[in-house]
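The values are calculated or read from the model by the stated rules, or taken from the named source; none is laboratory data. As the structure is a prediction and not an experimental result, all values here were calculated from the model. No Cβ is skipped: glycine too gets one built from the backbone with ideal geometry, and neighbour counts run over all protein chains shown. Ligands, DNA and RNA are stripped out before the accessible areas are found, and what is left, the full protein with its side chains, is counted by its heavy atoms. Shrake-Rupley method; radii C 1.70, N 1.55, O 1.52, S 1.80 Å.
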Amino acid sequence: MKKLVVVCLAALAFSCGEDKKEQKTEMKTETKVEKAAPAAADSKEAVVSIEGNDQMQFNKKEIRVKAGQKVKLTLKHVGKMEKAVMGHNWALLTQDADVATVGNAAAMAKDNDYIPADMTDKFIVHTKMIGGGESVTIEFDAPEAGTYTYMCTFPGHYALMQGKFIVE
Ligand code: CO
């Protein structure tokens, strides 16, 4: 009889301890969630997305970022046409570059993904050429404050596919 009581007491003590453990774990999880929330806003990075379509158009004429920001830019080709027919890239030019001059030279540079090898100094950064349904993401440091031109270097596209990249 005595033995049975001891066993029961031991079981009671054990389950009581378990409860406390569970409570502690719950409290820890709550603290973690509260800490993670304020970290969402990060002005050091500018996340930019731009689309190109089968009508030879970008969906944005202007992109604004701030000097000193890291830019994470995604180009998405929302059309269905193949790269060889309706290829798009996103190329950011230096301020001294002439869009038409670069565009005409790029049209002759098929073997180099339509980036003219003798004009690479006119490009701050560029994505690769993509076709319908594809997307590409690049990361780069925003250049110094000013207004820059971006374009698609696929033959004949720059007339419609260009816009202003403004660094504030
Ligand atoms: Co294009």
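Of all residues in the stretch 86-99, which are away from the ligand (no atom under 14 Å from the Cβ) and open to solvent by less than 40 Å² (accessible area, probe 1.4 Å)?
Leu92, Leu93, Thr94, Ala97
Which is at pLDDT 95 or above, within 16 Å of the ligand (Cβ to nearest atom), open to solvent by less than 20 Å² (accessible area, probe 1.4 Å) and in contact with a helix residue (DSSP H, G or I) (Cβ under 8 Å, 6 or more places away or on another chain), of Met151, Met56?
Met151
For residues in the stretch 114-134 being in a strand (DSSP E or B) and farther than 10 Å from His88 by Cβ, which is nearest to the ligand (Cβ to nearest atom)?
Filtering first and then ranking leaves His126.
Here is a check on your reading of the model: is Lys128 within 23 Å of Glu45 (Cβ to Cβ), surrounded by 14 or more Cβ atoms within 10 Å (Cβ to Cβ) and charged (D, E, K, R)?
Yes.
Considering only the stretch 108-119, state which residues are open to solvent by 40 Å² or more (accessible area, probe 1.4 Å) and either closer than 18 Å to Ala159 by Cβ or modelled with pLDDT under 95 (or both).
Matches in the stretch 108-119: Met108 only.
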